[in-house]
Amino acid sequence: MAQHLPKIGFLYLDYVLRFFDYSNFKGWPDKIESVVYHWKNDKQRFINEVKRKKIDVLVGNIPATAYETFKEIAAELPHLRFIPSIETQFPNKSKENVTLFCEKYNLDHPKTKIFYDTKKGYDYLKSCSYPKIVKRSYGPSNYGGYYVHKVDNHDEAKTLFDQKKYVPMYIQDAVDLKDSGDIRVMLIGHKPVCAFWRYSGEGEWITNTSQGGDMSYDNVPMNALELAVKASKAAKAEYWACDIAIDKKTGKAYILECATAFAAFPYIRDWIGQYIMWDLSEGRFRMPHVPLYSWEELGKMSAAMLRTLRHLYFAKYTPSADGAYWLADKGPFDMEAAGDSRPEDVPEPIEPPKTEDELPEDLKAEFDENDHPDHAPAAQKFIFGDVTMTELLTLQGMEEEMAEKIKSLIDAGKVSRFEELKAYDFIPKSHHELWAKAFQ
């Protein structure tokens, strides 16, 4: 009798770039559905469509601004499995959630203070040691590091919060980074499949490549991989990524960021699709085999080539003579099932003020944005010819690579108005319509 396979659906959202498509699930014999969430008052329609299409498994990341809404959707669809689970995506919502996750599961991370009471936050800035890292907590990412700041003394910290008015106040000890870099580790089934150093640009401290940083796939230390694996298992994540700092003096590894939402080459998304097919088919499909440190060899290829590489296949080593197997380096990590999430897996959140009245008048606008996650950020108007990378990366659905292309066209004088970008095919039509509203 033919094996029954669950009905898969892709979770898509308007204005959010899609991580998976059908080609990542090569060989799946049944039709894969898709369901698009249209924001605002779309919850019940979305639920009805999932039921009508009889979807059993919904695959895709949920952005921070829709996280609370999808908790409600999941509660009304108890039969539906989300991949990654809602609980696994808890750290995606904010930097605050990353810290709570690390604290719950005893994962090494820089000492962090989080204040919704801004008076207590400003008092802390007077007494704490420096330097400190300040981040805008809310959101799925820091937009290529453009909302991450280093402050070296109290005056700098106070000036920053007076200007930015970040709520909550997220203040983290600065790790003295080994080689002025941090490490991105990507995992599938708790096994590292790609890892690389990100080094800050000359005269800079931040390591994001969009701000002039460089990268290297060589010599990623084992303790960084071990910490990333520990975090992935705690999150029960089918796929996962960590940004890890190595202390220059002690060599200790610390988690800076972790989430299911991350940029990945297409061949890594193919591996994730293979893993999910293996997981959902009870072994009918092959689990991907990715040798540890294979990224060192792949990293010798140009980034342009890696962006087009698809359906990369590694065969397991087969010994040709007695004893050869024991000489092979099998590595310390095996790919394995992620495990089922439970509501109690999620850390208890920090309780923010119950009403806006408890906040100072000048902080209410940002609190309102954070407190109503099913709304896009308030519209801003930018001058196209003078737009910065920071401003481009605040546009909903914008990614670093696309922002870099737009900025390079502006700086080269090839476009002077947003409408002229229609001549280039790297921006979807829906994004043209959305982003055009942001420019004067």
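The values are calculated or read from the model by the stated rules, or taken from the named source; none is laboratory data. No experiment lies behind these values; they were computed from the predicted model shown. So basically every Cβ, Gly included, is an ideal-geometry build from the backbone, and we count neighbours across all protein chains shown.
Details
- Among the residues of the stretch 36-51, the ones that are closer than 17 Å to Phe10 by Cβ, outside any helix (DSSP H, G or I) and without any contact (Cβ under 8 Å) to a residue 24 or more places away in the chain come to 1 in all.
- With respect to (1) of a type outside the set (Ser, Thr, Tyr); (2) assigned to a helix (DSSP H, G or I); (3) surrounded by fewer than 16 Cβ atoms within 10 Å (Cβ to Cβ), the lone exception for Leu125 is condition (3).
- The stretch 104-116 - residue that is within 15 Å of Ile350 (Cα to Cα) and touching a residue at least 60 places away in the same chain (Cβ under 8 Å) and, of those, surrounded by the fewest Cβ atoms within 10 Å (Cβ to Cβ): Lys104
- Residue in the stretch 89-103 that is among the charged types (D, E, K, R), free of Cβ contacts under 8 Å to residues at least 12 places away in the same chain and either over 30 Å from Ser137 (Cα atoms) or buried (at least 22 other Cβ atoms within 10 Å of the Cβ) (or both) present: no
- Counting the residues of the stretch 15-35 that are within 15 Å of Ser281 (Cβ to Cβ), of a type outside the set (D, E, K, R), assigned to a loop (DSSP other than H, G, I, E, B) and in contact with a helix residue (DSSP H, G or I) (Cβ under 9 Å, 6 or more places away or on another chain) gives 3.
One line per residue, one yes/no per condition, for (1) farther than 28 Å from Asn24 by Cα; (2) modelled with pLDDT under 95; (3) of a type outside the set (Ser, Thr, Tyr); (4) in a helix (DSSP H, G or I):
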| position | (1), (2), (3), (4) |
| --- | --- |
| Val167 | yes, yes, yes, no |
| Gln172 | yes, no, yes, no |
| Ser180 | yes, yes, no, no |
| Met186 | no, no, yes, no |
| Val193 | no, no, yes, no |
| Gly203 | yes, yes, yes, no |
| Ala228 | no, no, yes, yes |
| Ala231 | no, no, yes, yes |
| Trp240 | no, no, yes, no |
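- Residues being of a type outside the set (Lys, Arg) and not in a helix (DSSP H, G or I) - total across the stretch 261-296: 16
- Condition check for Lys54 on (1) assigned to a loop (DSSP other than H, G, I, E, B); (2) within 26 Å of the chain's Cα centre (by Cα): one failure, at (2).
- Selection status of Phe101, of a type in the set (A, V, I, L, M, F, W, C), in a helix (DSSP H, G or I) and modelled with pLDDT of 95 or more: yes
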